[in-house]
Amino acid sequence: MILLDDVCLKLASAAGDVNILRGISLAVAAGESVGVVGPSGAGKSSMMMIIGGLEQATSGSVEVAGADLTTMSEDALALWRRDAVGVVFQSFRLVPTMTALENVAMPLELAGRRDAFARAERQLQAVGLGHRLQHYPEQLSGGEQQRTALARAFVAEPKLLLADEPTGNLDGTTGQAIIDVMFELRARAGTTLLLITHDRALAGRCDRVVHVADGRIVGDERRLMRSAAAS
């Protein structure tokens, strides 16, 4: 599902070039869940942005869901993301002038799906918001807004879900409920999950935990466990 080979990201600044990623190589199988941990500024979110086609790598190869992202135009990347990738951010990023139902239906409407609203309603029911279809984001709690964002991310049945600190704006109890819903949805759909989090216990719910520091992958727990078992 994901194949990064020696990916580097260098951004210009007033003080000179800044190396954000320094030769990231990562392979993730279809249906796998991977937690990505590391200190702030380590490059976790930048890696996710490259995997989602939202940032262009300076060098290296990026293949995701069967597509070579390094050769695609911005328009082609937008269409690819629409069909292949769901994204959930720490900030909910809902359109404030749209109801929950309209927010979730939007990706399907853009794709020309005639059943957009019927599918959106089913997805909102799946996250426990069947009674909040016509409510606007400001009328929803933080947990309800993130459930709406999850419904929107899953409504097009993406091959890959990217989640960047999805509980960062929520209290512990609400955040745990959101994570339970997210894992339930991805298990039901067989979606590949890349989860960025500062919470190592949360990352531990994934099949694999990748550690990032200073723009490099410095640990991969599943590989280490396999190596230990083999020895």
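The values are calculated or read from the model by the stated rules, or taken from the named source; none is laboratory data. These numbers come from a predicted model, not from an experiment. Glycine also receives a Cβ, built like all others from the backbone with ideal geometry; neighbour counts cover every protein chain displayed.
Things to note:
- Of all residues in the range 55-95, those that are touching a residue at least 60 places away in the same chain (Cβ under 8 Å) and out of contact with any strand residue (DSSP E or B) (no Cβ under 7 Å at 6 or more places or on another chain) total 4.
- Selection count, the range 165-202, where residues are part of a strand (DSSP E or B) and at pLDDT below 95: 0
- The range 1-44 - residue that is at pLDDT 95 or above and hydroxyl-bearing (Ser, Thr, Tyr) and, of those, surrounded by the most Cβ atoms within 10 Å (Cβ to Cβ): Ser33
Per-residue answers, yes or no, for (1) outside any helix (DSSP H, G or I); (2) closer than 13 Å to Leu160 by Cα:
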| site | (1), (2) |
| --- | --- |
| Asp5 | yes, no |
| Leu9 | yes, no |
| Ser25 | yes, no |
| Gly31 | yes, yes |
| Pro39 | yes, no |
| Ser45 | no, no |
| Ile50 | no, no |
| Glu55 | yes, no |
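- Consider the range 72-95 and keep the residues that are touching a Gly at 6+ places or on another chain (Cβ under 6 Å) and not in a strand (DSSP E or B). The one that is surrounded by the most Cβ atoms within 10 Å (Cβ to Cβ) is Arg81.
- For Thr197, the criteria (1) surrounded by 21 or more Cβ atoms within 10 Å (Cβ to Cβ); (2) of a type in the set (Ser, Thr, Tyr); (3) more than 21 Å from the chain's Cα centre (by Cα) hold in every case but one, which is (3).
- Residue within the range 122-139 that is farther than 22 Å from Gly172 by Cβ, in contact (Cβ under 8 Å) with a residue 24 or more places away in the chain, surrounded by 20 or more Cβ atoms within 10 Å (Cβ to Cβ) and in contact with a Gly (Cβ under 8 Å, 6 or more places away or on another chain) present: yes
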